[in-house]
Amino acid sequence: MPLLQPLGRLILSFFEIVGRLSIFASTAISHCFRPPFYPKLILKQMIEVGYYSLPVVGLTAIFTGMVLALQSYTGFARFSAESAIPNVVIVSITRELGPVLAGLMVAGRVGAAMAAEIGTMRVTEQIDALYTLATNPFKYLIAPRVIAGVLTLPILVLVADTIGVFGGYLVSVHKLGFNPATYLKNTIDFMEYLDVVSGLVKAAAFGFIITLMGCYHGFHSKGGAQGVGSATTNAVVSASILILTFNYIITELFFSR
Amino acid sequence: MTDQHDVTNKAVRIRIRGLSKAFGKKIVLDNLDLDIHEGESLVVIGGSGTGKSVLLKCVLGLLKPDSGSIQIDGQEIVGLNGSVMESVRRKFGMLFQYAALFDSLTIWENVAFGLIQAHGMPREDAHKIAIEKLSEVGLGERFATKNPAELSSGMKKRVGLARAIATSPETLFFDEPTTGLDPVMGDVIDRLIVQSVKELDATALTITHDMDSAKRISDRIAMLYQGKIAWIGPTENLETTDNPYIHQFINGLLEGPIKVSVTNTDRAAE
């Protein structure tokens with residue numbers, strides 16, 4: 001009995017969280033498609049999510065591409081398979097590393113910022129003020145962020161893919177002695193439409209997850225500064241776990257035979 | 001417990017019947033009845049944790065009561081949501097305890113927020129009204145483009161008041177309007193509240209535990225204790241009533257019917 005009670009409590013609280021999150025997500029989605037719309041707020045959030053994340057995503061992508069080329073070379077050289085490096089780089093970056101690493105970086109930067117901003121608005125009664133001013137916070141705060149996340153992450157991942165492949169090119173050509181033209185030709189030959197599309201679909205899903213988690217945890221934060229701190233941590237942790245989980249699910253959908 | 005008062009001949013704007021709200025085992029509002037008449041300023045007083053804020057949030061539709069009825073101009077608002085509740089809230093103006101100004105907007109945008117978002121007014125027109133309202137609360141145009149973080153607490157309260165009255169609402173709500181202010185600034189805010197309520201011919205519901213402020217801004221005062229109205233009457237009767245709750249509260253006495261937790265044992269027993 002003493003063992004079953006905490007287990008039962010844990011299971012119940014898990015389903016409670018899933019239920020709350022599902023209701024929050026469905027409400028947020030429904031407000032994305034119902035007027036009034038706030039194009040200026042959406043644009044502002046797109047700049048916040050996309051433009052200001054470019055440096056961190058770009059740096060992550062270029063070093064990932066460089067390391068990928070270097071590691072692949074040290075492994076493939078044993079089997080005289082160095083020529084497969086462009087293939088490995090383009091497939092790894094477009095299918096997995098571009099969207100996942102960009103998603104995790106944006107979760108840390110944007111998800112945390114959203115949770116902190118909305119959480120502060122919650123504990124300082126600014127969200128209550130929105131209600132009393134006859135403005136639905138889901139329309140004014142949540143929907144613009146979710147729309148911006150879903151639209152911007154794919155663009156950000158396209159940029160990350162390009163920079164990541166360029167990182168692989170830099171190491172392969174300038175350090176490992178590959179012929180530039182051959183490397184580029186192989187990269188283009190090995191690039192598949194489905195690989196890029198699957199990465200972009202993942203990016204859109206990750207954009208939704210990041211913004212939803214940031215907004216959800218911020219919206220439900222309570223208890224002052226400590227509550228906002230917890231909301232920020234929870235937003236980043238839950239978004240990161242969900243990104244990795246949905247990465248597997250989307251990979252299954254696209255590539256399982 | 002109820003003294004005679006002279007506002008009952010006016011129509012009731014806010015009618016509360018059998019309102020109950022509990023958080024877990026803690027009963028905050030217990031079958032509460034209250035009428036607020038058109039054009040009157042009612043102040044609800046009571047100690048910390050007696051449910052004043054919960055009452056206000058229930059009337060504003062920010063909290064859902066467990067049971068009971070709240071009618072605004074005869075319209076039941078318990079259970080309303082979405083656009084119907086928003087249309088009810090368009091008649092409201094609210095000054096929050098710490099002003100609750102939007103950090104991301106300038107002062108004039110804060111004041112004009114309701115006009116632009118809820119009433120669909122063009123920004124240029126809303127800007128003009130915002131400047132007028134800021135001037136009414138004693139803030140010049142030079143403050144219009146500042147951010148809330150650049151203002152003192154008293155100035156924030158004034159901006160909050162300007163925002164509350166910007167849409168010329170029929171009903172105004174004030175949550176602890178003088179909390180955190182020095183006595184002089186508290187007096188200034190009270191005078192502005194009285195002036196705004198008169199000019200708009202609005203109904204006002206205020207919650208506070210500042211007795212000086214309560215006397216200055218109210219036509220009637222209601223005292224909340226253990227989730228019920230322990231006394232209600234005209235402000236001028238406050239000093240003369242023999243109600244033991246009022247006597248203890250306004251004189252700040254430890255002995256009396258109001259039980260106050262002063263020891264750790266008491267707190268643990270709660």
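Work out how much length B:Glu76 to B:Ser104 would gain on full extension: take 0.36 nm times their residue separation and subtract the Cα-Cα distance, in nm to one decimal. Kindly include the intermediate steps, with their values, before the conclusion.
Working: separation 28, 0.36 × 28 = 10.08 nm, distance 3.46 nm.
Extending this stretch completely gives an extra 6.6 nm.
So how do A:101-110, B:201-210, A:65-74 stack up, highest first, on mean other-Cβ count within 10 Å? Each step should come with its number before you reach the end.
On the way: A:101-110: 23.9, B:201-210: 22.3, A:65-74: 19.4.
By packing density, highest mean first, the sequence is A:101-110, B:201-210, A:65-74.
Give me the distance between the Cα centres of segment A:5-55 and segment B:124-141, rounded to whole Å.
Distance between centres, Cα-based: 36 Å.
Percent of Cα-Cα pairs more than 23 Å apart in segment A:1-133, please.
On the way: 5360 of 8778 pairs.
In whole percent, the long-distance tail amounts to 61.
Among A:Ser13, A:Ser230, A:Ser92, which one shows the biggest mean-square fluctuation in a GNM of chain A, springs joining Cα atoms closer than 10 Å?
The residue that fluctuates most here is A:Ser13.
Rounded to the nearest 500 deg cm²/dmol, what is the calculated helix-only ellipticity per residue at 222 nm for the protein assembly as shown, with -39500 (n - 2.57) per DSSP H run of length n ≥ 4? Walk me through the numbers before you get to the answer.
Values: 20 runs with 290 residues, N = 527.
Value at 222 nm, helices only: -18000 deg cm²/dmol.
List the lysines whose Cα sits under 28 Å from the Cα of A:Lys175, skipping any in the same chain fewer than 8 residues away.
Cross-link targets: A:Lys185.
State to the nearest 20 debye the size of the charge dipole of the protein assembly as shown about its Cα centre, where the only charges are +1 on K and R beta carbons and -1 on D and E beta carbons.
Numbers: 46 positive and 48 negative charges, 300 e Å.
Dipole magnitude for the protein assembly as shown comes out near 1440 debye.
Spelling out what I want: for every residue of segment B:181-197, take phi, set θ = phi - 60°, compute 6.51 cos²θ - 1.76 cosθ + 1.60 (Karplus), and round to whole Hz; glycine and proline get x.
10, 6, x, 5, 5, x, 5, 4, 5, 4, 4, 5, 5, 4, 4, 5, 5
Mark the label point 7 Å from the Cα of A:Phe37 along Cα→Cβ and return the residues of segment A:207-228 whose backbone N is within less than 17 Å of it.
Once the point is set 7 Å along Cα→Cβ of A:Phe37, nothing inside segment A:207-228 turns out to lie under 17 Å by backbone N.
Between segment A:183-231 and segment B:178-210, how far is it from one alpha carbon centroid to the other, in angstrom?
48
Under the rule a/c < 1.5 gives rounded, and otherwise a/b versus b/c splits prolate from oblate, where does the protein assembly as shown land using the Cα gyration tensor?
On the way: a/c = 3.00, a/b = 2.20, b/c = 1.36.
Taking the square roots of the gyration eigenvalues as a ≥ b ≥ c, the protein assembly as shown is prolate.
Of B:Gly49, B:His127, A:Ala84, whose Cα points farthest to the positive end of the dipole of the protein assembly as shown (charges on the beta-carbon: +1 Lys, Arg; -1 Asp, Glu; origin at the Cα centre)?
Comparing the listed Cα positions along the dipole, A:Ala84 ranks first.
Per residue of A:122-129, what is the mean number of Cβ atoms on other protein chains within 10 angstrom of that residue's Cβ? Display every interim value, and only then the final one.
Values: counts 0, 0, 7, 9, 9, 2, 8, 13.
Across A:122-129, the average partner-chain Cβ count within 10 Å equals 6.
How big is the Kirkwood radius of chain B, worked out from every pair of different alpha carbons and given in Å to one decimal? All intermediate terms of the calculation are to be shown ahead of the outcome.
On the way: mean 1/r = 0.0515 Å⁻¹.
The answer is 19.4 Å.
Quick one: compute a quarter of the convex hull surface over the Cα atoms of segment B:1-104 and quote it in nm². Spell out each step's value before the answer.
Details: hull surface 34.1 nm².
Mean orientational projected area (segment B:1-104, Cα hull): 8.5 nm².
If you fit an axis through the alpha-carbon atoms of helix A:54-76 and take the longest principal axis of the Cα set of chain A, what angle between them do you get, 0 to 90°, nearest 10?
40
Between B:Thr145 and A:Gln226, what's the calculated FRET efficiency when r is the beta-carbon distance and R0 is 30 Å? Round to 0.05. Spell out each step's value before the answer.
Working: r = 34 Å, r/R0 = 1.13.
Taking R0 as 30 Å, the efficiency between B:Thr145 and A:Gln226 is 0.35.
Using Cα pairs closer than 8 Å and at least 6 residues apart in sequence, work out the relative contact order for chain A, in percent.
Details: 341 pairs, mean separation 79.1, N = 257.
Computed over chain A, the figure is 31 percent.
For B:Lys228, list long-range residues whose amide hydrogen, built 1.01 Å from N in the peptide plane, is under 5 Å from its own amide hydrogen.
B:Asp30
Could you give each residue of segment B:68-81 its phi-based ³J(HN,Hα) in whole Hz, using Karplus coefficients 6.51, -1.76, 1.60 with θ = phi - 60°, and x for Gly or Pro?
x, 10, 10, 10, 10, 6, x, 9, 5, 10, 5, x, 6, 8
No value in this document is a laboratory result; all are computed from the given coordinates. If you're wondering where the values come from, they're calculated on a predicted model, not measured in any experiment. We place every Cβ from the backbone using ideal geometry, glycine too, and count neighbours over all the protein chains shown.
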